[in-house]
């Protein structure tokens, strides 16, 4: 996808602070970090969202996500992590390339990553 910023990053056509990369996934620090260690994990191949991704690749993606989450929590001395994904326009997906935000959490960090709504 020629207009996809994540594809441009994968193809080294756009700058990014890459913190992990293997043959099929890449992790980078987003421009607007919401917490120390905030990382975005993407597949190198373009999949618009979770509905499109190949299952074998997603299994590898999930393993990397778990391992990277453990590393982020350990190295940043965090006490937890939020793993966030939006798939589809109505889910507020901001970039049409599958991605997950790994957001380390800290005591009294002031972040509220949950929607407030009455049930």
| On a 0 to 90 degree scale, rounded to 10, what angle separates helix 55-76 from the longest Cα axis of the chain? | 40
| field | Ranked packing of 64-71, 31-38, most packed first, by mean Cβ within 10 Å | value | 64-71, 31-38
| request: Calculate, in nm to one decimal, what residue 114 and residue 22 gain on full extension: separation in residues at 0.36 nm each, minus their alpha carbon distance. | output: 30.0 nm
| task | Using just the helices of the chain, give the 222 nm mean residue ellipticity in deg cm²/dmol: DSSP H runs with n ≥ 4 each add -39,500 (n - 2.57), and the total is spread over all residues, rounded to 500. | result | -7500 deg cm²/dmol
| remark: In nm, the gap between the two label points placed 7 Å beyond Cα toward Cβ at residue 70 and residue 14 is 3.2
| note | For the chain the mean separation of alpha carbon contacts under 8 Å (6+ apart) over residue count, i.e. relative contact order in percent, is 26
| field | More than 20 Å apart - percent of Cα-Cα pairs taken over the chain | value | 43
| remark: By the mean-Cβ-within-10 Å protection proxy, highest first, 40-52, 89-101, 13-25 rank as 40-52, 89-101, 13-25
| request: Extending each Cα 7 Å along its Cβ direction at residue 5 and residue 48, get the distance between those two points in nm, one decimal. | output: 2.0
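Here, each number is a calculation from the coordinates, and none is a lab measurement. Just so it is clear, the model here is predicted, and its values are computed rather than measured. A quick note on method: Cβ atoms are made from the backbone with ideal geometry, for glycine too, and the neighbour counts reach across all protein chains shown.
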